[in-house]
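Chemist: The structure that follows is given in the form of structure tokens.
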Amino acid sequence: MQSPSAETARPKSPQEAKGRPVVDFSHLEVGYGRSAILPPLSGAFERAQIWGLVGRNGAGKSTLIRTLLGLQPAIAGRIARLEGLRATHVPQRHAYDLSLPCRVVDFVRAGLDRGWSFLDPLHVRRGRAKVEQAMLETQTEHLASMQFSSLSEGQKQRAMIARALVVDPDLLILDEPTSAMDPMSEKAIFELIQSVTVQRGLAVVIASHQMSLMFGLVSHIVFVDADDGIAICGKKAQILGSDDFRRHYGFMFEGAP
Amino acid sequence: MSAFFDAWPLFHDPALAGMLAGALLGFLGVYVVLRRFVFLTAAISQAAGLGVATSFLLRLMVVAPLLASDGHAAHGGTSLAESVLFSLTSPTVGALAMTLLAILPITNGRVRGNARQDSYLGVVFLAGSAGTLAIGTRIVQELQDIQSLLFGSAVAVLPSDFKVLAGVAALTLGVHIWGWRGFTAVSFDPDGAKVRGLPVRLLDLLLFVSLAVGISTSTRILGALPTFGFSVLPAIAAVQISANVARAFIWATLFGAASGFLGYILAFVHELPVGASQVLVAGAFVVVAVVAAKLRPGAQRPVPKQA
């Protein structure tokens, strides 16, 4: 019987890191209790790759994300994570309670703690440069003293991405990062994701319904549909050309490769 | 006012006890208010009540007959076994055991979500109060003791109770100030904290245990009304005027301490019930904080909408 979760050795140099997956999953089944909601799925997320996670509402995207992040157990299969993997995620927009008093800089700082670091009183002070760098990259430094709850949706998303970046992640997973945004803000957020992926060499997974913008950005796609029992993943061209995908979304992408 | 300080040796224990309980519950109240389980305090008080009543019942129905059959008096046994039996059935142990049992389903994740937690706390409140009343019919003579043990009086605090409260406050505040980033992470972003490898279950357990211990200790020593007031009102006031959660903790602790102490002086000067006057002072802080928040420069600041 395969171990449901394992660690792979962390590469010692950037050269060695190239082509090494940060998360490798095989025959992975996700669901609740003992019931899988999707067929087995195998794939691997590598650095500097951007994956798009596609499927209709209730298709199993969030369940797959939660399983990959370790927030809920897999029903079956194996997930091999890079040794000491630094994974972060940007949850859906309603995940944070807007009644909390919280300036943007506090919101970003709160992402610094990992493991037991919260017991070190100086940990946040030592991470100040990371906070400044993340806010600079996401263009949120001018919002630092504003209340998070008072930001526009686009600004909130930028602050959430900054919070995810302060731990120097290997893997960044974003769950519907552009919901409730206007088209210009959506475009700006996708450009930001592309920029941080290139600059930091992250592996990125984006679950989104904004396909026209997302498909211009991603190199790989995971397509899931719990109702029709579909879970496939691979290079963008391969998925966009698959019968399963065309049957569901072909009307949107006539002439796609 | 000067009469109060002239008689300071007489009043210093209850006045400082109010201040300590106010500071402790003011701090913990930030979690109570922002995690939206205001009803927790009332539910824990009733669970503690059931624990005390159960202890008395066990002493009456089990321990006393057992010792009587051994030829000893029911009270003041001398052997080790008797001491252990009396310790296990002490009202303090009963109250603590029952409150910890009551919060267990929340800490182990069996009761999740605000709505379900609210319903669960409602069940604890009703089961606690109904259970205490039902057991009360079997221990009529001890009912008065239960009332005084459970719902202590903020007017007069025993030196031994003051020491217990001071110890609980020092320990709890020490743990919470040291690990506040962890406690806030698991309170306000549990999924994010779990992904980043924080010990979410342990921190949540510690948080609820400290709430249970703080609330049941304060209820037993000062009474239910000031305890409920301290664990809600200072935090509500603090959240109104604080830019972040860290400052809310500081303000809530100060408001709580001030409510406990000034409330005692107010009661002395105007001959009011102590618990009620402490709650009134805490309520006044809420009114002042709400007004201050409305008048704060930039409170109506227009928000830039660009992405």
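The values are calculated or read from the model by the stated rules, or taken from the named source; none is laboratory data. Values in this document were obtained by computation on a predicted structure and should not be read as measured data. Here Cβ is always computed from backbone atoms with ideal geometry, including for glycine, and neighbour counts include all displayed protein chains. In case anyone asks, the SASA skips ligands and DNA or RNA and just uses the protein heavy atoms, side chains included. Shrake-Rupley method; radii C 1.70, N 1.55, O 1.52, S 1.80 Å.
Chemist: Just want to confirm a number: the relative contact order over segment A:138-257, from Cα pairs under 8 angstrom separated by 6+ residues, in percent.
Modeler: Dividing the mean separation by the residue count of segment A:138-257 yields 18 percent.
Chemist: Can I ask one more? Starting from the residue with the highest accessible area, list B:8, A:51, A:116 in decreasing order, probe 1.4 Å. Let's see the in-between values first.
Modeler: Working: B:8 75, A:51 10, A:116 140 Å².
The ordering from most to least exposed comes out as A:116, B:8, A:51.
Chemist: Could you check which residue among B:160, B:79, B:259 shows the biggest mean-square fluctuation in a GNM of chain B with a 10 Å Cα cutoff?
Modeler: B:79
Chemist: Using a 1.4 angstrom probe and counting only protein chains, how large is the accessible area of residue A:179 in Å², to 10?
Modeler: 40
Chemist: In addition: Quick one: Cα convex hull volume of the protein assembly as shown, Å³ per residue?
Modeler: Roughly 194 Å³ of hull volume per residue.
Chemist: Taking N as the number of residues in segment B:2-295, what is its Cα Rg relative to 2.2 N^0.38 Å?
Modeler: Computed over Cα atoms of segment B:2-295, the ratio equals 1.05.
Chemist: Could you count how many Lys pairs in chain A have their Cα atoms under 25 Å apart, skipping same-chain pairs fewer than 8 positions apart?
Modeler: Counting lysine pairs in chain A gives 12.
Chemist: Restricting to DSSP H runs of at least four residues, report the calculated mean residue ellipticity at 222 nm for chain B, -39500 (n - 2.57) per run over all residues, nearest 500 deg cm²/dmol. Kindly include the intermediate steps, with their values, before the conclusion.
Modeler: Numbers: 15 runs with 239 residues, N = 307.
Estimated from H runs of four or more residues: -26000 deg cm²/dmol.
Chemist: To the nearest 20 debye, what is the magnitude of the charge dipole of chain B about its Cα centre, counting +1 on the Cβ of each Lys and Arg and -1 on the Cβ of each Asp and Glu?
Modeler: The calculation lands at about 1460 debye.
Chemist: While we're on this one: Heavy atoms only, probe 1.4 angstrom, no DNA, RNA or ligands counted: give me A:114, A:128, A:103, A:109 ranked by accessible area, highest first.
Modeler: Greatest to least solvent exposure: A:128, A:109, A:114, A:103.
Chemist: Using each residue's phi in segment A:173-182, evaluate 6.51 cos²θ - 1.76 cosθ + 1.60 at θ = phi - 60° and report the 3J(HN,Hα) Karplus result to the nearest Hz, with x for Gly and Pro.
Modeler: Computed from phi, the couplings for segment A:173-182 are 10, 10, 9, 6, x, 10, 5, 6, 10, 6 Hz.
Chemist: Note the angle between two axes, namely the Cα long axis of helix B:224-241 and the longest principal axis of the Cα atoms of chain B, as a number of degrees from 0 to 90, rounded to the nearest 10.
Modeler: 10
Chemist: Going by accessible area, probe 1.4 Å, with all protein chains left in place, what is the ranking of A:122, A:28, largest first?
Modeler: Numbers: A:122 90, A:28 5 Å².
My answer, sorted largest first, is A:122, A:28.
Chemist: Could you compute how much accessible surface residue A:175 exposes when probed at 1.4 Å, giving the result in Å² to the nearest 10?
Modeler: Residue A:175 exposes around 20 Å² with every protein chain in place.
Chemist: Mean-square fluctuation check for chain B, GNM, Cα pairs under 10 Å: which of B:42, B:284, B:68 is largest?
Modeler: Top of the fluctuation ranking is B:68.
Chemist: Let me ask something else about it. Using Cα pairs closer than 8 Å and at least 6 residues apart in sequence, work out the relative contact order for chain B, in percent. Don't skip to the answer; put the middle values down first.
Modeler: On the way: 443 pairs, mean separation 98.7, N = 307.
Relative contact order of chain B: 32 percent.
Chemist: Still on this structure, please answer the following. Residue-wise, which Karplus ³J(HN,Hα) couplings in Hz belong to segment A:101-117, taking 6.51 cos²θ - 1.76 cosθ + 1.60, θ = phi - 60°, and x for glycine or proline?
Modeler: With the stated coefficients, segment A:101-117 comes to x, 7, 6, 4, 5, 5, 4, 5, 4, 4, x, 6, 6, 9, x, 9, 5 Hz.
Chemist: Name the residues whose placed amide hydrogens come within less than 5 Å of the amide hydrogen of residue A:102, ignoring near sequence neighbours (fewer than 5 apart) on the same chain.
Modeler: Sorted by chain and number, the residues that satisfy this are A:148, A:149.
Chemist: Follow-up question, since we're still on this one. Computing the accessible area with a 1.4 Å probe over protein heavy atoms, can you report the carbon and sulfur percentage for segment B:2-295?
Modeler: 71
Chemist: Another one. Can you give me the long-range amide H partners of residue A:53? Hydrogens built in the peptide plane at 1.01 Å from N, cutoff under 5 Å, separation of 5 or more residues or another chain.
Modeler: A:206, A:207, A:208, A:222
Chemist: Taking a probe of 1.4 Å, how large is the accessible area per residue of segment A:117-257, in Å²?
Modeler: On a per-residue basis, 41 Å².
Chemist: Using the Karplus curve 6.51 cos²θ - 1.76 cosθ + 1.60 with θ = phi - 60°, work out ³J(HN,Hα) for each residue of segment A:70-84 in order, rounded to whole Hz, and write x for Gly and Pro.
Modeler: Once rounded to whole Hz, the list reads x, 7, 8, x, 6, 6, 7, x, 9, 10, 9, 9, 4, 3, x.
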